[in-house]
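J.: The structure is given below, and queries will be raised subsequently.
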Amino acid sequence: YRVSFGFDFYNSTFTCSLTHKDPKHANAGWVLVGRGSEPLKALKQAAYKHYSVFDEVWHNARAMSKAELDD
């Protein structure tokens with residue numbers, strides 16, 4: 001996985017983006033983003049989504065509200 005951090009000035013929040021470099025992997029072509037008030041919280045949210053929400057396969061999406069993942 002490639003992990004990238006950034007800052008979303010529009011929403012005043014840190015972001016952590018996950019992508020997979022192997023084009024044959026189930027998550028290829030998908031981007032998973034976590035957001036938080038600190039970079040570590042953004043990473044923790046992305047990890048939570050990866051393991052708990054999507055069970056490591058990102059196209060297994062379900063609808064979530066913003067409140068479910070607030071830090």
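J.: Of everything in region 20-47, what is among the charged types (D, E, K, R), closer than 20 Å to residue 60 by Cα and open to solvent by less than 90 Å² (accessible area, probe 1.4 Å)? Give them in sequence order.
T.: Initial filter on region 20-47 (among the charged types (D, E, K, R)): 21-22, 24, 35, 38, 41, 44.
Filter once more, keeping what is closer than 20 Å to residue 60 by Cα: 21-22, 24, 35, 44.
Residue satisfying the conditions is 22 alone.
J.: Which of the residues belonging to region 28-55 are touching a residue at least 24 places away in the same chain (Cβ under 8 Å), in a loop (DSSP other than H, G, I, E, B) and under 12 Å from the mean Cα position of the chain (by Cα)?
T.: 30
J.: Looking at region 7-19, is at least one residue part of a strand (DSSP E or B), of a type in the set (D, E, K, R), surrounded by 17 or more Cβ atoms within 10 Å (Cβ to Cβ) and modelled with pLDDT of 95 or more?
T.: At the first step, the residues of region 7-19 found to be part of a strand (DSSP E or B) are 7-8, 13-19.
Now restrict to residues that are of a type in the set (D, E, K, R): 8.
Subset that is surrounded by 17 or more Cβ atoms within 10 Å (Cβ to Cβ): none.
The answer is no; no qualifying residue exists.
The values are calculated or read from the model by the stated rules, or taken from the named source; none is laboratory data. These figures come from a predicted structure and were not determined experimentally. So basically every Cβ, Gly included, is an ideal-geometry build from the backbone, and we count neighbours across all protein chains shown. We work out accessible area using only protein heavy atoms, side chains counted, and drop any ligands, DNA or RNA first. Shrake-Rupley method; radii C 1.70, N 1.55, O 1.52, S 1.80 Å.
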